[in-house]
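Enquirer: I have a structure I would like to understand better, so I am pasting it below and will then ask my questions one at a time.
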Amino acid sequence: MSQNEWCFMGKSFSKGLKKAFLNFMPFLAALVLRLIYITCKKEFKGDPIDDRGSVVVFWHGRLAMMSFIYAKFWRRKDGLQKSAKVIISDHKDGEFIVRVIEYFGIGTIRGSSSKGGVRAVAQALKELKSGVDVIITPDGPRGPRHSVALGAAAIAIKAKAPVYALNYEADRFWQFKSWDKMILPKPFSKITFSLSPLSLSDDSFLARREIMNALWCIGHDDGGKSIKDSEVEYCEELNLWAQSLRRRKKPLLLDEQMAQISHKISEQTGVAIDISDPYGSAKNFKQAGEQGA
């Protein structure tokens, strides 16, 4: 056999291994997730999602166990399962996620802010109009962590669809060393799933901040340890947002929004918040945590 034929066989074998890996690993991942989920104690907060096509947002770092909430909250009033599709990046790493969530009966829309974004937004609007829910990780596919891409807010505003914040927290978990610091609950831990309706402004700039606030608050309310680790980062982000509003010369809007958000966060967390003083707010969070420990 010639050298060229050996090379061809080697390449064909390598492609075959990659294909087998791509087919088997998603199945194995779905199986492991199911086994972990079965052992865990579950708590669900919130009501089933609206019968209309809705936009659902959650952080990329909560992707691991979100498929299990689909069967619980995605029920129509007639008892039938609603259809939902997740926007997943068009990159190669997104293909693995697509294959995993297929085992849970969830569809996908391919595209991201860096590749296929326009196509993804167009398809998302079409799906919402037909009554299919569109699920978005606003900080995906590559971060920055806990940021909100313009597309997430734009889809919700353009479609005039109901919007929900989705989250889960676990009392014991592994945290990956990835950009999104994804958490995977440990077996026999307690997982708290939450679904909360969200009202957004017509201004996409403000809507992005409202999405961020809602997801952060719902995580804090669920007692997420990983959320508490991000308190200083969160307060600093709020301060940067305030500076952005000042640059946009919207002082009245700034005062109103800052007051509303400060009150909302304080009400949900029980901690005094002053967004104009991020470090002071973070100190309050730390003191509250020490008192509650």
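The values are calculated or read from the model by the stated rules, or taken from the named source; none is laboratory data. Note that the structure is predicted; figures quoted are calculated from it, not measured. Here the Cβ positions follow ideal geometry from the backbone for every residue, glycine too, while neighbour counts run over all protein chains shown. Heavy atoms of the whole protein, side chains included, go into the accessibility calculation; ligands, DNA and RNA do not. Shrake-Rupley method; radii C 1.70, N 1.55, O 1.52, S 1.80 Å.
Enquirer: Accessible area of Asp47, 1.4 Å probe, to the nearest 10 Å²?
Expert: We get 120 Å² for Asp47.
Enquirer: Under a point spin-label approximation (7 Å from Cα along Cα-to-Cβ), what is the Ser83-Lys129 distance to one decimal in nm?
Expert: With each label point 7 Å from Cα toward Cβ, the separation is 1.5 nm.
Enquirer: Something else: For the pair Lys115/Met25, report the inter-label distance in nm, with labels modelled 7 Å from Cα in the Cβ direction.
Expert: That separation, rounded to one decimal, is 1.6 nm.
Enquirer: Solvent-accessible area of Thr192, probe 1.4 Å, all protein chains present, reported in Å² to the nearest ten, please.
Expert: For Thr192, the solvent-accessible surface is approximately 10 Å².
Enquirer: Here is a follow-up. Given R₀ = 30 Å, FRET efficiency for Lys41-Phe205 by Cβ-Cβ distance, to 0.05?
Expert: Working from the Cβ atoms, E equals 0.15.
Enquirer: Still on this structure, please answer the following. For a 20 Å ceiling on Cα separation, which of these pairs sit above it: Lys41/Lys186; Lys72/Lys190; Lys85/Lys177; Lys129/Lys158; Lys126/Lys160; Lys85/Lys190?
Expert: Checking Cα-Cα distances, Lys85/Lys177; Lys85/Lys190 exceed 20 Å.
Enquirer: A follow-up question, please. Sorted by accessible area (1.4 Å probe), largest first, how do Val118, Val32, Val134 line up?
Expert: Largest accessible area first, the list is Val118, Val32, Val134.
Enquirer: Okay, next question. Using 0.36 nm times the number of residues separating Lys72 and Asp171, minus their current alpha carbon distance, what extension gain do you get?
Expert: Roughly 33.6 nm would be gained on extension.
Enquirer: Give me the accessible area of Trp179, 1.4 Å probe, in Å² rounded to the nearest 10.
Expert: Result for Trp179: roughly 90 Å² accessible.
Enquirer: Another question, then. Stretch Ala122-Lys186 to full length: gain in nm at 0.36 nm per residue minus the Cα-Cα span?
Expert: 19.2 nm
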